[in-house]
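To start, the structure itself, in structure tokens.
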Amino acid sequence: MTRPSPIWTRDRHRDRRPFLIRRNAITRALRQWFDQQGFVEIEPSALQVSPGNEAHLHAFATELVAPDGSRRPLYLHTSPEFAAKKLLAAGEEKIVAFARVFRNREAGALHAPEFTMLEWYRAGAPWEAVIDDTLALIAEAARAAETDVLAWRDRRADPFAEAERLSVAEAFERFAGIDLAAVLDDRDGLASRATSRGIRVADDDSWSDIFSRVIVETVEPRLGETRPSVLHSYPVSEAALARPQPSDPRFAERFEVYCCGVELANGFGELTDAAEQERRFVSEMDEKMRVYSERYPIDADFLAALAEMPPASGVALGLDRLAMLATGAPRIEFVQWNPVDRGEAR
């Protein structure tokens, strides 16, 4: 297989440059929007004691070498969340980061090992407020790109249309014909219903594995087909950083926003119970050990800060993906000025 010419060659750069210039316009517009809303832009450190404690996220590991030659392990963060929440504990109330983040084992048309995550938090705000933020930002991006349509492959969505909002349970019923509430924490019950609908289930799949497969195969492709979709109210087991809903604690204040079948944002009403957060992190790392034979440390300083953090809601939005859909770019590297070179070193 012939390797494509390097990204810096003039012909490849010429093809990508119109997308990159529009990406810049989108970034400027979103920064202006946050400034007008009174947000403080922060610059979270990429080097962290823990890169994040979600079972299926994979980090880049490194070492900090002190002047005396002593060494300690650090990681490149998979999200600026830990750093941002420490600042909320310190007293910041409305913060935003245009953060470079790093995720291993990720590559493809929609995935890159290094990308820009737009993440923001509102102290004292309900999760509905940051859902509204997210939809407003999608429209801002479209205006900045001078388009009235978001596009991905053969999908087209109106960024200015009123968003569809549906719970995960409603989506399971509508798209998979599964009564989710009836099989919460019932691995075999969910497996039976998924199998009957043609979804492959392995003997060692956990409840979460099957849940994720139903989402990916039957729900996600149907979201944001013609307008933005807000998928909300995830089972608590699938929302490690979100607080339970007061009305039904089996479900969490977690939402995702989709356009053209592409996930753009993931947000929460933030969990601030440090003991519960530690329990969830341990559970996630146990699952990571089961599946991948590795685990990441838990940041004790983060847990201490979490206990002091005010109630808040926050969102992580993939800026590169939003730029892709707003510019019609075919792959994520078309909207990255210097995408990671997957070639060989010498």
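Checking A144, A99, A123, A139 one by one, the residue that is at pLDDT 95 or above and touching a Leu at 6+ places or on another chain (Cβ under 7 Å) is A123 and no other.
Going through (1) closer than 21 Å to E220 by Cα; (2) in a strand (DSSP E or B); (3) not β-branched (V, I, T) one by one, W120 falls short only on (1).
Got a number for residues in segment 211-236 being at positive phi and in contact with a Gly (Cβ under 8 Å, 6 or more places away or on another chain)? Total satisfying the criteria: 1. Residues in segment 143-160 that are over 20 Å from E220 (Cα atoms) and of a type in the set (V, I, T): T147 alone. Only one of the numbered conditions (1) surrounded by 14 or more Cβ atoms within 10 Å (Cβ to Cβ); (2) modelled with pLDDT under 95; (3) among the basic types (K, R) is violated by R290, and that is (1). If you go through segment 216-254 one residue at a time, how many are surrounded by 15 or more Cβ atoms within 10 Å (Cβ to Cβ), part of a helix (DSSP H, G or I) and within 15 Å of the chain's Cα centre (by Cα)? Residues that pass the stated criteria total 2. Could you please give the count of residues in segment 258-285 that are over 23 Å from A181 (Cβ atoms) and either in contact (Cβ under 8 Å) with a residue 12 or more places away in the chain or buried (at least 23 other Cβ atoms within 10 Å of the Cβ) (or both)? Residues flagged as over 23 Å from A181 (Cβ atoms) and either in contact (Cβ under 8 Å) with a residue 12 or more places away in the chain or buried (at least 23 other Cβ atoms within 10 Å of the Cβ) (or both) within segment 258-285 amount to 17. Just wondering, is there one or more residues in segment 29-37 that are outside any helix (DSSP H, G or I), crowded, with 16+ Cβ neighbours inside 10 Å and not charged (D, E, K, R)? Scanning segment 29-37, I find no residue that is outside any helix (DSSP H, G or I), crowded, with 16+ Cβ neighbours inside 10 Å and not charged (D, E, K, R), so the answer is no. Restricting attention to segment 87-103, the residues that are touching an Asp or Glu at 6+ places or on another chain (Cβ under 6 Å), surrounded by fewer than 24 Cβ atoms within 10 Å (Cβ to Cβ) and not small (G, A, S) add up to 1.
Listed by first and then second residue, the pairs with beta-carbon distance under 6 Å, at least 6 apart or on different chains, first residue in segment 232-248 and in contact (Cβ under 8 Å) with a residue 40 or more places away in the chain, second assigned to a helix (DSSP H, G or I) and basic (K, R), are A240/R280.
The values are calculated or read from the model by the stated rules, or taken from the named source; none is laboratory data. Note that the structure is predicted; figures quoted are calculated from it, not measured. Cβ coordinates were reconstructed from backbone atoms using ideal geometry, including for glycine residues, and neighbour counts include every protein chain displayed.
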